[in-house]
Amino acid sequence: MRLVYIGLLVSAVAASSTTQAQPSILGGTREDFRRYCAGCHGNAGDGQGENADYIDPKPRDFTLATFKCRSTPSGSLPTDDDLYNTVRRGLVNSNMPAWRPLADVQVHQLVEYIKTFSPRWKTEKPGTPISIPPEPAVTTDDILAGRALFQKMECWKCHGPEGRGNGPSASTLTDSKDQPIKPFNFAASSRFKCGSTNEDLYKIFMTGLDGTPMPSFADNFKGDDAWHLVHFLRTLQQEERPEKVVWQQYLSTHQGQLKPIGPDGGGQ
Amino acid sequence: MMRAIGAVVLGAIALAPSAPRTKILAGSVSGTVTFTGTPPKMKPIDMAKEPSCAKQHATPVETETVVAGPNDALGFVVVYVSAGDMGTAATQTVKFDQHGCQYLPHIQAMHTGQPLEITNSDQTSHNIHPLPSKNPEWNKSQPPGAPPIETKYDNAEFIPVKCNVHPWMHGYFAVLNTGHFAVTANDGSYTITGLPPGKYTLTAWQEKFGTQTADITITGSETAKANFVFKATPY
Amino acid sequence: MLLTTGILGAILTANVATGTTAFRAYTASLNATAHKSKSIPAFARKYGLRCSACHTAWPELNAFGQAFRDNGYQLGNDRDSPIFKDASYLPIALRITPQWHEESTTNQTVDAVPGDSSVKVARRLTTHGFDLSGMDFWTAGTLYKNISFVLLFSSDPFASFHFESAFIRFDNLANSPWLNVKFGKFELDNMISEKRFLFLSNNGGVYQSYHFVPVGDNTGFGIGDNQLGVELAGHNKNSYTRYSASILSSSDGTPGLPTGNSYDAFFTFSQGFQAGALGVERIGAYWYLGQQSSLYRTSGGAPIAGSGVDNKSFYRVGLSGDLYAGPIEFMPFYMHGRDDPYLGTSTPGNQALPTGAIGPQWNAEFLETHEYLNSRFVLLQRAEIVRMSQQALPGTPTSLGDIDAYSFGGRWSPFMFSRAGLAVHAEYSLTRTVGNVPISGDGVGLPPLNPTGSVWSSSLLFAFDFAF
């Protein structure tokens with residue numbers, strides 16, 4: 001029993017000797033960053049961690065304040081929620097883990113710490129999140145309209161006519177650091193870079209994935225156009241989804257009536 | 001009462017001495033930019049992947065990294081004042097067009113904050129993707145018939161511009177701190193006007209060969225001469 | 001080796017002897033210089049994460065590492081399958097700890113005159129020198145999406161190897177993190193893992209509670225020993241809520257079916273919650289229901305392995321916690337144990353119990369604290385007690401077998417990358433066992449001359465612990 005008391009005393013002494021500027025986990029936010037993040041993102045947050053050379057896609061360079069997954073327009077800074085969600089959710093098809101078990105306060109502090117790597121956060125405010133209209137019902141016309149947009153906006157040039165990531169321009173794509181990059185293959189993946197819901201998909205092409213060839217189409221869509229495209233894109237995936245059910249029904253009765261998507265295709 | 005005040009005001013104006021009509025002296029500088037040595041060969045661009053653009057060019061266009069003109073002239077060199085009176089910001093809109101799957105002009109120079117208008121005159125979609133490091137990076141799709149994109153840049157830098165869909169397209173935004181700049185024509189010549197008297201350092205920037213500087217002094221309204229010679233290397 | 005002959009030998013020997021026996025069933029590879037490691041630089045290499053991302057201080061797991069492990073060693077980014085890795089990537093890691101240590105144990109029964117066994121005295125024995133630990137040779141990872149495996153090949157310092165862990169796990173059955181099935185030999189789902197802990201010395205490198213068996217008791221079980229069986233486990237998405245239910249062979253993890261045809265059961269449950277700036281706190285409960293054969297059939301008088309019958313039961317039950325206050329981690333633990341009177345008195349099942357024999361019971365507690373000065377430097381300490389609350393035989397001194405143990409130390413890593421690990425380790429541990437040999441195995445292995453005498457055993461360790 002004596003020993004237990006001695007043990008507690010030693011712990012108390014040790015605790016009081018720790019000087020931390022902020023109440024935080026396991027040694028402060030900088031220590032958290034070095035513990036969890038710096039192996040890839042680098043101690044200076046520049047994406048030059050010791051493992052960066054062996055990773056594809058490369059880890060984010062925080063000094064440029066350019067982020068893929070945002071709710072704000074292309075070129076603007078993300079909101080704190082955007083960064084929090086990216087840390088929590090991870091990035092599929094990349095080495096960025098989903099840091100789910102970390103305490104909330106840890107993740108919030110890491111988000112603040114990430115901002116210290118770029119001077120843009122001092123002079124600029126985060127962009128205004130785009131407004132997302134309510135999602136319309138999935139109907140045949142809605143998917144056909146989405147298909148027409150897929151043709152007209154020339155998504156197929158990178159993503160391919162079936163969304164398999166094999167469009168004519170796919171092989172020459174490079175990201176903003178001149179690293180080769182592949183367009184998303186809808187047929188192979190159930191989750192998108194920035195989430196797995198329809199709303200996440202909506203945000204991807206309405207804000208663009210900054211730092212990659214994926215542009216923002218916010219200036220080119222009006223009304224429910226974007227939702228039509230979301231519903232059409234869902235039919236390109238393998239999973240059973242309400243969009244696919246509607247689409248399969250249409251295809252079974254209108255076999256061969258659609259012009260193929262591509263350079264000669266007029267969509268419908 | 002009001003009439004009396006009005007009269008006093010009018011009188012004051014009438015009696016105020018008029019400002020002396022002095023002419024504001026402004027000189028200019030002009031010159032030619034040339035190269036020595038062997039520049040790299042420009043390659044013809046194969047636009048087969050974009051037939052709507054390919055057919056706009058009877059002969060394939062060449063890459064524009066080094067645009068060499070007659071007598072070893074260098075076109076698309078940005079000449080600007082890097083020290084001295086910086087002039088005022090121009091307010092008229094500069095334009096940047098995507099035409100025949102090329103950027104026209106290849107290099108567009110502008111003052112920080114100067115309005116920039118980007119248009120797409122082609123039958124195909126382009127995505128306009130400037131790659132700055134000191135300014136926010138954005139990437140927007142511009143289908144045919146889309147309205148122009150109006151934007152500006154607040155920090156000076158040379159920004160490469162590319163289109164991801166058409167990887168052969170390369171251009172630059174030269175965002176400068178000064179209102180005194182010019183881009184050389186195909187014959188390598190440039191002129192910068194409106195320079196008040198004083199000492200100036202001119203910088204010439206070529207996207208592959210780097211920069212050259214020259215110092216000039218303007219005393220009145222003369223046209224100073226400043227030529228630049230770049231060392232060209234084949235690689 | 002040690003394990004197989006130890007357990008089997010203990011069981012068989014104890015059954016043949018009559019009356020009380022001082023021999024204690026030696027559970028686990030308790031010699032602390034053998035390894036119990038579970039940190040895998042191979043994972044760091046695979047994913048490009050530093051060791052510190054998954055480990056508070058390797059090999060102890062932090063919350064993220066626990067979730068990674070619970071998920072079947074998968075990050076879940078559709079990049080876990082081996083096909084995404086360089087073909088030359090091998091999921092293999094090695095660990096060994098060259099060291100200098102001093103062991104000193106009091107009250108050891110030795111011959112008064114060396115060579116003459118007629119007169120015995122109690123002496124303190126002290127030895128020190130440079131030494132090696134055992135080695136761990138480990139491979140783990142995914143065979144396929146949601147099928148993971150571990151193979152841990154461990155040796156003692158003499159390069160005598162055994163399979164410490166070998167299992168396959170089917171993860172996320174029915175696409176749910178609540179259903180995972182593990183099959184093979186594995187560590188029990190103890191919240192405070194003895195395999196992934198930070199103490200290495202002879203006396204400090206064991207949790208007394210995890211191996212304690214009363215004096216005269218021949219139960220061959222320790223909750224810190226890896227067991228053979230099947231485990232159904234589940235967790236929520238961030239592994240804050242976890243449960244497990246296992247069915248294990250009553251052989252304490254010894255392969256070859258040496259014991260009888262009986263099975264044990266083990267249940268755990270734990271819940272974590274966020275406590276603001278303090279961190280993630282976890283509390284858990286566990287319950288082990290075990291059986292052991294008290295009689296073996298014989299042939300020509302010699303017991304036949306695998307023929308154990310007449311099963312007697314035992315249990316271990318208790319609570320554990322993993323609590324953070326910023327950079328300080330507290331790990332409290334409580335256990336209550338009880339063995340059947342037959343087991344408690346080492347009586348064969350076909351004989352009568354000694355007069356007044358009852359099932360021995362005891363309570364064990366420890367509190368371990370870690371202070372993480374940064375991700376490369378941790379200070380450790382632990383205080384532990386085991387107190388018999390009920391001796392098996394009347395007339396036994398109440399404190400016979402009681403243990404007090406105290407350890408402290410520190411680990412410092414000069415680098416924290418993702419290819420390999422090195423820790424400079426210093427530790428001091430002291431145990432006091434009443435009337436019995438220390439669990440560490442220090443000393444001559446004989447109980448003290450005076451059954452109520454305390455045996456103090458200390459270890460001082462300075463080591464370089466490295467893993468690749």
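For the pair A:Tyr54 and B:Ser28, label points projected 7 Å from Cα toward Cβ lie 6.2 nm apart. Note on B:Thr213 and C:Ser160: the model spin-label points, each 7 Å out from Cα along the C-beta direction, lie 7.8 nm apart. Residue exposure proxy: A:Asp56, A:Asp61, ordered by other Cβ atoms within 10 angstrom of their Cβ from fewest to most, comes out as A:Asp56, A:Asp61. Of all DSSP-defined beta bridges confined to chain B, some 70% are antiparallel rather than parallel. For chain B, the square roots of the Cα gyration tensor eigenvalues, ordered a ≥ b ≥ c, give a/c of at least 1.5 with a/b no greater than b/c, which places it in the oblate category.
Shielding of peptide C:368-378 by partners, expressed as the average count of other chain Cβ atoms within 10 Å per residue Cβ, is 5.
Rounded to the nearest 10 degrees, the inclination of helix A:225-235 to the longest alpha-carbon principal axis of chain A is 90 degrees. Going by Cα centres, segment C:256-283 and segment C:123-177 are how many Å apart? Their Cα centres are 19 Å away from one another. Counting, for every residue in A:28-34, the Cβ atoms of other protein chains within 10 Å of its Cβ and taking the mean gives 3.
Students often check this: by mean Cβ neighbours within 10 Å, which of B:120-131, C:112-123 ranks highest, and how do the rest follow? Could you put the intermediate results ahead of the total?
On the way: B:120-131: 21.5, C:112-123: 10.1.
For the peptides B:120-131, C:112-123, the packing ranking is B:120-131, C:112-123.
The local environment of A:Pro134, defined by Cβ-Cβ distances under 12 Å, has a net charge of -3 under the rule Lys, Arg +1 and Asp, Glu -1.
DSSP assigns beta bridges within segment B:24-119; of those with both partners inside it, close to 65 percent run antiparallel. Pop the C-beta distance of C:Ile358 and C:Ser118 into the FRET formula with R0 = 30 Å and round what comes out to the nearest 0.05. Computed FRET efficiency for C:Ile358 and C:Ser118: 0.20. For helix A:242-253, report the angle its Cα long axis makes with the longest principal axis of the Cα atoms of chain A; keep it between 0 and 90° and round to the nearest 10°. Between the helix axis and the principal axis of chain A, the angle is about 20 degrees.
Residues A:Asp175, B:Asp154 in ascending order of nearby Cβ atoms (within 10 Å, fewest first): B:Asp154, A:Asp175. The helix-only estimate of mean residue ellipticity at 222 nm for chain C, built from DSSP H runs of length n ≥ 4 each weighted as -39500 (n - 2.57), is -2000 deg cm²/dmol after division by the residue total. On a per residue basis, the convex hull of the C-alpha atoms belonging to segment A:140-253 measures out at 99 Å³. Segment B:46-91 and segment A:45-91 have Cα centres lying 34 Å from one another. Give, as ranges by residue number, the residues of segment A:123-167 whose backbone N falls under 13 Å from the point 7 Å along Cα→Cβ of A:Gln249. Correct set: A:138-143. When Rg and the Kirkwood radius Rh are both evaluated on Cα atoms of segment C:2-467, their ratio Rg/Rh stands at 0.97.
Computed from the C-beta positions of B:Thr201 and B:Asn155, the FRET efficiency with R₀ = 25 Å rounds to 0.80. Within segment C:51-119, the proportion of Cα pairs with more than 20 Å between them is 61 percent.
Computed per residue of chain A from DSSP H runs no shorter than four, each worth -39500 (n - 2.57), the mean residue ellipticity at 222 nm is -10500 deg cm²/dmol.
Over chain B, DSSP H runs of length four or greater, each weighted -39,500 (n - 2.57), average out per residue to a 222 nm ellipticity of -2000 deg cm²/dmol. Using the average count of surrounding beta-carbon atoms within 10 Å as a protection proxy, the listed peptides A:158-169, B:47-58, A:118-129 rank, highest first, as A:158-169, B:47-58, A:118-129. With K and R counted +1 and D and E -1, the other residues having a Cβ less than 14 Å from that of B:Cys53 yield a net charge of -2. Take each residue in B:139-147, count the other chain C-beta atoms within 10 Å of its C-beta, and the mean is 6.
Segment C:Tyr89..C:Arg297, full-extension length gain: 69.9 nm, with 0.36 nm per residue of separation and the alpha-carbon distance subtracted. Each part gets one Cα centre, and for segment C:93-116 versus segment C:393-468 those centres are 12 Å apart. The residues A:Leu209, C:Leu143, when put in order of fewest to most other Cβ atoms within 10 Å, stand as C:Leu143, A:Leu209. Taken along the Cα-to-beta-carbon direction at a fixed 7 Å, the label points for B:Lys41 and A:Gln179 span 3.5 nm.
Since every read-out is calculated from the coordinates, none of them should be taken as a lab result. Since this is a predicted model, take the numbers as computed values, not measurements. Cβ sites come from the backbone with ideal geometry, for glycine too, and all protein chains shown count toward neighbours.
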